[in-house]
Each structure stands twice: as C-alpha cells, then as structure tokens.
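What follows is calculated from the coordinates using simple rules that are stated; it is not laboratory data. A quick note: this is a predicted structure, and the numbers were derived from the prediction, not measured. Cβ atoms come from the backbone with ideal geometry, glycine included; neighbour counts cover every protein chain shown.
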Amino acid sequence: MPLLTTQATATITMYDMPRVGAWGYFDKGTADERYQNKKQIAEQRTKEYGTGKFAKAGGCFEYPAR
C-alpha cells in the first residue's frame, strides 16, 4: 500500500507595522495627511481611555462570531 502524503503552501507577507502606522501602506500620503491621521488616532485613543469602551476599526466580527 503506498504511503499517502500531503503538501501545503503558505504565502506570508511581513509588514513593519510601526512604519505602516506612520506612513501607510506603500508609503503613501503627504506629511500633512500623515499628521492628521496621527492626530485622529490620538484623539480616538484618548476618548477610549476616558470611557473604557473601545471602538472597532472595521473588519471585526461581532462576538460571539456566527
């Protein structure tokens, strides 16, 4: 009886997430756009810290996932 084997291929991409947070994917945006984005993120973090409730950024499933 022949021995059965399986094979799998994985494609993995690594991101420098602090750089993505600062510059966006593919280093797009002007310096002013990056500043405004950072400012908006800081305001959202401050709001979440004060209320103790965290906003979802999209792409999240409701818990429990269905």
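Under the 0.36 nm per residue contour assumption, what length would be gained going from the current alpha-carbon distance of T11 and A55 to full extension?
Stretched out fully, the T11 to A55 stretch lengthens by 12.8 nm.
What distance in nm separates the simple spin-label points at F26 and K39, each placed 7 Å from Cα in the Cβ direction?
Calculated label separation equals 2.6 nm.
For L3 and K47 in the same chain, what is the full-extension length gain: residue separation times 0.36 nm, less their Cα-Cα distance, in nm?
Separation in residues times 0.36 nm, less the Cα-Cα distance, equals 9.9 nm.
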